Amino acid sequence: MSGQVCRKCGEPMAAHDDKTVRWGDRRCGRGMHNRCYQRELRAGNATAYPRQLRPGVEVIEDWTFLAAQNLTRRAAAERMGMSLGALERAIHRHRSTERAS
Ligand SMILES: [Zn+2]
């Protein structure tokens with residue numbers, strides 16, 4: 001247990017990689033549960049929460065979630081509060097990193 005509480009609902013959060021609890025109960029990058037974070041992201045409120053981890057990783061997390069809902073890159077970038085170009089650079093960097101590892 002990470003000892004942190006969710007900034008959205010105030011409940012304790014498990015570590016983001018703790019496989020002993022449900023995915024939604026684990027910590028997400030912005031100090032919220034995955035489930036709370038996804039609710040905020042879906043509502044377009046995620047940009048109200050400052051990022052806490054490496055920005056590139058969180059951009060990819062956001063993008064993966066939004067892409068699964070069939071949002072275009074442009075629409076996803078708007079939802080995430082960033083420019084289309086910034087999103088495309090983040091995706092490109094992420095893919096480069098994956099090839100290297
Ligand atoms: Zn929560």
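Applying the condition of being polar (S, T, N, Q) and assigned to a helix (DSSP H, G or I) to the range 55-101 and asking which residue is modelled with the lowest pLDDT yields Thr97.
In summary, Gln52 fulfils each of the numbered conditions (1) at pLDDT below 85; (2) assigned to a helix (DSSP H, G or I) with the single exception of condition (2).
Selection of the range 1-27 for residues being near the ligand (Cβ under 9 Å from one of its atoms) and in a loop (DSSP other than H, G, I, E, B) yields Cys6, Arg7, Lys8, Cys9, Gly10, Glu11, Met13.
The values are calculated or read from the model by the stated rules, or taken from the named source; none is laboratory data. Remember, it's a predicted structure, so these values are computed and weren't measured experimentally. All Cβ positions, even for glycine, are placed from backbone atoms using ideal geometry, and neighbour counts span all protein chains on display.
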